[in-house]
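The values are calculated or read from the model by the stated rules, or taken from the named source; none is laboratory data. This structure is a prediction, so every number in the text was calculated from the model and none was measured. When we count neighbours, we look across all protein chains shown, and the Cβ atoms used for this are built from the backbone with ideal geometry, even at glycine. Please note that ligands, DNA and RNA were not included when accessible areas were found on the heavy atoms of the full protein model with its side chains. Shrake-Rupley method; radii C 1.70, N 1.55, O 1.52, S 1.80 Å.
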Amino acid sequence: MPAILEVKELVKKYGDFTAVKGVSFDIQEGEIFSLLGPNGAGKTTTISMLSTLYIPTGGDAAIGGHSVTKEPMAVRNIIGVVPQDLALYEDLTARENLVFWGQMYGLSGKTLNSRVDEVLEQIGLADRAKERVKAYSGGMKRRVNIGVGLLHKPRLLFMDEPTVGIDPQSRRAILDSVKDLNKQGMTVLYTTHYMEEAAELSDRVGIIDHGELIALGTQAELTRQVGENETLLLHIGEDEDAEALAKSLKGIPGVLQATATDHEVSVIAREAEEILAPVVTKANERGIKINSIDIREPNLEAVFLHLTGRALRD
Amino acid sequence: MRKLLLIGLKDLKLVFRDKAALIFMLLAPFLLTLGLGFVTGQFGSSGGGIANIPVVLVDQDGGQLGTALVELFQSEDLSDLVTATVLDDPDAARQQVNDDLVAAAVIIPDGFTESIIPAEGQMEPGETVQLVIYGNPTRPTSVGVVKTILEEFVARLEVGRVGGTVAITQLLTSGLVPPEQAQAIAVEMGQHQAESLAESNAITLTTNVASEAATDFNPLAYIAPGMALMFLMYTVSNGGRTLLVERNQGTLPRLLVSPTNSAQVLGGKIFGIYLTGVVQMLILIIASTLFFQLQWGDPLAVLALVLAAVFGACGWGMLITSLAKRPSQIAAIGSAIMLTFGILGGSFFSLSFAPGWIKWVSRITPNAWGLDGFNILALGGGLNLILEPIAGLLVMGVVLFAVSLVLFNRRGMALK
Ligand SMILES: Nc1ncnc2c1ncn2[C@@H]1O[C@H](COP(=O)(O)OP(=O)(O)O)[C@@H](O)[C@H]1O
Ligand SMILES: [Mg+2]
C-alpha cells in the first residue's frame, strides 16, 4: 500500500521554544493513524504544519506526493481538516455554514447542494439544519465542525481532538462516524489524549510527548515494548499519600515500576497476581486505605507510563 | 474571484444578523438626523398645517435636564411648531387638556435628572424616571408631534449616556483614569450633556450653509449625509474588526487551509466591508428620501460619490485593522476615530467658519470630502462638479490601502 502521507524530520519553533522536534512517520492509504499524547505534546502544531497553515521551521512532509511547503494548494485539495477548536460562523445556520465552506472547497450548484444534504444526514442534523449554530449544544456544534471537513470528500482527513469537552453520547457518535468514514475509504489522522480512543480506532499509533515521537507502531507492537507485563491499578483515598506508597512499593520483589498519579498508584509487574498480596500488606503497614484494585492487561497507557514515567493525563 | 465575492457576501449576511451593528449602522444615524432636524426647526416649518401647537409644561424636577427640556420647548427653533407655557401644578395642567385649551401636558417628574445623571457618590444612575405626557384625544396629530419631540430628547440623552459610559469604560480600561475618579467624570459628562442640550444652537449647524446657498436649502441635506458618513466610519472599523474576530474564532485559519489563497481571503474581507458600507449608505439615503422627503440630487452622481466615499473610508478601516492586535482594540480605535472624524470632518458643525488649518486637516477625513460632494449634489450640482471630492476620496483610499498592505505584510499578513 502506498503512503498517502510521509513526514520527514518536521520541526516547529515558536521563538526559542521548540514545540515539534524532528517528527517523522508515514500514513498508508486507508489507515486510521492516531497521534496520542498529553496536552502540549505538539499534536496541534504538527497538524497545523501538515495542513499548510504553519510553515515548518525544518523538515517537510508530502501528501499524495505533494510537498506541504512547496505545493500547498495541491495539498489543500486532498486534505480535509477538523480543527481542535470550533471554527464556524455562529450567526449562520448549519446549512449556511456547510454551503459556504463547500464553496470554499470549489463546490457549486447541484453537487454542492447534494453534498450538503449528504453531510447533514451523516452528522445527524438534517432536521435542524435551518437553526443558527449559536443555538446548538456543544455536541451539535462539534458535529457541524466535523461536517465541514467532509464536504469535498477528502482523501486524507485530519481530526484534531474532535471529542474534547462533549457528552458521552456525542462522543460515541463521532467515534462511530470515524470508523464509517474509514470503511468508505477515507484515510484518517486522528489526534487525541484519550488512550481508549486511540485503542479503539487506530490501525497504528504514534505516541508524542514534548514534541518528540517516542513510539510508533500497531497497538500490539507498542504494548510488546512494555513486555508481557501487567499493571495493577490501586485506587486510594483522597487524603492518602500516593507518592509515598509508590516509593515503598518499588521495594517489593517482582515490582518493575510503581508510579503515583492523583489518587491512583500504577504498579507494573510480570504477573499482577503474584504481587497482589505483598502490595496490599505494604499498604496496610503504612495505614493507607485501598478502595479498589484493577488488573490491566498491557495497554497504551502502560506504554506511555513505561516510556515517560508519567501518566497520559495529568 | 468567485470565492472573493462569496466571502464578501457572507460578511454582508453576517453583519445584517448582528443587532448591535445594525443599530450603529442604520438606526443611530437615522435617529440623529431626525433629532438634529427637529432642533433646527426643519420639521416645524415644513409641517404645513401643524403649527403653534399649544403645550403646557410642568417641571417638578427642577434639575438640569428638566430645565433643558423646558428651554427646548421654548426655544427659537421650535417657536413656529409649539407654543409652550409653564405651570406648577400638574392637576391644573391636566385640566387645561381636559378643557381642550392645549394639545398636551408634559410633566417632568421629580428625580428625572438624577435618574440619568448620577448624583455624587453613586456609581450607576438609577432606574430612569419616565417623562409623562397627558395628551388631548381630540388632537392626535399634535400629541404625536409633542411625543416625537420628547422621544427625540430622551433618545439623545440615551446616546449621550451610552457614549459617556463607553468613553469612561475606555478610560478606565486603558488605565488613564483611576476607578475612584470615574464617578466624578461621569457626573461632569452628564452635566456637559445637559448643557449642550440646553444650548441647542450648538447643533444648529445648518444656518451657515443655508445662507451660503441663499435659496431654499434643506438643512437635512447637510445633516443626513453628515450622520451617514460618520457612521460609515463605524461600519468600516467594525468590518476590519471581523478580520481579527475570524482569526480568533478559527474561521480564518480554516479558510487558509482550504484551497483559497490568502489574497482571495483578504480581498474577500475587504470586498465585504466595502459592500456593507455601500449598502448602509444606500439604505440611509433611500430612508431619508422616503421619510424626510430629502432631495439628494442626481442619482448617478450620488451613487458615484457613495462608491468613492466608502472606498476612502475602507482605507481607514484597513489601516486601523493592520495596526491592531485584538478585536477590542479596533473597536476602541474605531469609535475614537468615528467621533474625531465626525467633528473634524464637519459631520456635527459646519466647517465654514473654522480656521483654515482645520479645513486643511479635515481633508484626511472621508467625512469632509464626502460632505462637500453631497452638498454640491443637493444644491443641484452634477457629476462634473464633484470630481474633486471623488478624486480626493479615491487618492485617500489608495494611499491608505497601500500603507495597510505594507503593514499587513510586515506582520506576516497578520494571518499566520
Ligand atoms: N502560537 C504559539 N506560540 C507559542 N507557543 C505555542 C503556540 N502554539 C502552541 N504553543 C506551545 O507549543 C506546545 C505544543 O502545543 P500544541 O501543538 O498545541 O500541543 P497539543 O495540541 O498536543 O496539545 C505547547 O507547549 C504550547 O504551549
Ligand atoms: Mg491540540
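The table for this structure:
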{"item": "Hits in segment B:246-274 (condition: open to solvent by 40 Å² or more (accessible area, probe 1.4 Å) and either touching a Ser or Thr at 6+ places or on another chain (Cβ under 6 Å) or not in a helix (DSSP H, G or I) (or both))", "result": "B:249, B:261"}
{"item": "Given (1) open to solvent by 70 Å² or more (accessible area, probe 1.4 Å); (2) at pLDDT 90 or above, index of the condition residue B:56 fails", "result": "(1)"}
{"item": "Residue under evaluation residue B:138, criteria (1) within 23 Å of residue B:34 (Cα to Cα); (2) open to solvent by 30 Å² or more (accessible area, probe 1.4 Å); (3) modelled with pLDDT under 85, criterion not met", "result": "(1)"}
{"item": "Hey, residue A:167 open to solvent by 20 Å² or more (accessible area, probe 1.4 Å) and over 24 Å from residue A:221 (Cβ atoms) or not", "result": "yes"}
{"item": "Test: residue B:237 is in contact with a strand residue (DSSP E or B) (Cβ under 9 Å, 6 or more places away or on another chain), among the small types (Gly, Ala, Ser) and either at pLDDT 90 or above or not assigned by TED's automatic domain parsing to the domain that holds residue B:24 (or both)", "result": "no"}
{"item": "In segment A:71-85, residue nearest to residue B:242 (Cα to Cα) [restricted to those that are within 8 Å of another protein chain (Cβ to nearest Cβ) and either in contact (Cβ under 8 Å) with a residue 40 or more places away in the chain or open to solvent by 60 Å² or more (accessible area, probe 1.4 Å) (or both)]", "result": "A:85"}
{"item": "Residue list for segment B:346-391, restricted to those being assigned to a helix (DSSP H, G or I), small (Gly, Ala, Ser) and surrounded by fewer than 21 Cβ atoms within 10 Å (Cβ to Cβ)", "result": "B:356, B:362, B:391"}
{"item": "Residue, nearest to the other protein chains (Cβ to nearest Cβ), within segment A:91-109, restricted to residues that are out of contact with any Leu (no Cβ under 8 Å at 6 or more places or on another chain) and in a loop (DSSP other than H, G, I, E, B)", "result": "A:106"}
{"item": "Answer from A:88, A:112 - the residue that is more than 10 Å from chain B (Cβ to nearest Cβ) and of a type in the set (A, V, I, L, M)", "result": "A:112"}
{"item": "Segment A:26-59, residues that are on the phi > 0 side of the Ramachandran plot, more than 13 Å from ligand 2 (Cβ to nearest atom) and more than 14 Å from chain B (Cβ to nearest Cβ)", "result": "A:30, A:59"}
{"item": "One residue from A:99, A:23, A:81 being within 30 Å of residue A:126 (Cβ to Cβ) and within 16 Å of ligand 2 (Cβ to nearest atom)", "result": "A:81"}
{"item": "Those residues of segment A:161-176 which are in contact with a Leu (Cβ under 9 Å, 6 or more places away or on another chain) and outside any loop (DSSP other than H, G, I, E, B), in sequence order", "result": "A:175"}
{"item": "Boolean, residue B:350 is polar (S, T, N, Q) and more than 22 Å from residue B:222 (Cβ to Cβ)", "result": "no"}
{"item": "Test: residue in segment A:54-70 that is more than 11 Å from ligand 1 (Cβ to nearest atom), open to solvent by 50 Å² or more (accessible area, probe 1.4 Å), modelled with pLDDT of 95 or more and under 20 Å from residue B:249 (Cα atoms)", "result": "no"}
